[in-house]
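Chemist: Structure provided below as structure tokens; questions to follow.
All of the numbers you see were taken from the coordinates with simple rules; none came from a lab. Everything numeric in this text was worked out from a predicted model, so none of it was measured. Here Cβ is always computed from backbone atoms with ideal geometry, including for glycine, and neighbour counts include all displayed protein chains.
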Amino acid sequence: MGRKPEDYARLLASALCKLHAAESGGALPLISENSIRVISETFAAAIDEARKIYIEQDLVARRERHERIHLHS
């Protein structure tokens, strides 16, 4: 399976922290508050979709294991 939703959340948090640290050192912000909002909302939607995919893949894998166990019993 791919990355878990929590992995994407950590990546987002890391990226936003780096942006904030870079902005704190300069006079002008690197990106606007509106851009941060849009990025955050986009990542939230992507994380929700990844979570749904991860849950579905996990359920399929569990069903397959369950079926294999019953076939070999």
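Chemist: Jot down the radius of gyration and Dmax of the chain, Cα atoms only, both in angstrom.
Modeler: Cα radius of gyration and Dmax of the chain are 19.3, 69 Å respectively.
Chemist: To test your reading of the geometry: what angle, between 0 and 90 degrees and rounded to tens, separates the Cα axis of helix 5-25 from the longest principal axis of the chain?
Modeler: With both axes taken from Cα atoms, the answer is about 10 degrees.
Chemist: Would you kindly state how much longer the chain becomes between CYS17 and SER73 on full extension, computed as 0.36 nm times their sequence separation minus their alpha carbon distance, in nm to one decimal?
Modeler: Separation in residues times 0.36 nm, less the Cα-Cα distance, equals 14.9 nm.
Chemist: For region 40-51, take each phi angle, set θ = phi - 60°, evaluate the Karplus expression 6.51 cos²θ - 1.76 cosθ + 1.60, and give the result in whole Hz per residue in order, putting x for glycine and proline.
Modeler: Karplus values, whole Hz, x for Gly and Pro: 4, 5, 5, 5, 4, 5, 5, 5, 4, 5, 4, 4.
Chemist: Something else about it: What's the FRET efficiency of LEU59 with GLU33 using the Cβ-Cβ distance as r and R₀ = 35 Å, to the nearest 0.05?
Modeler: With R0 = 35 Å, the Cβ-Cβ based efficiency is 0.35.
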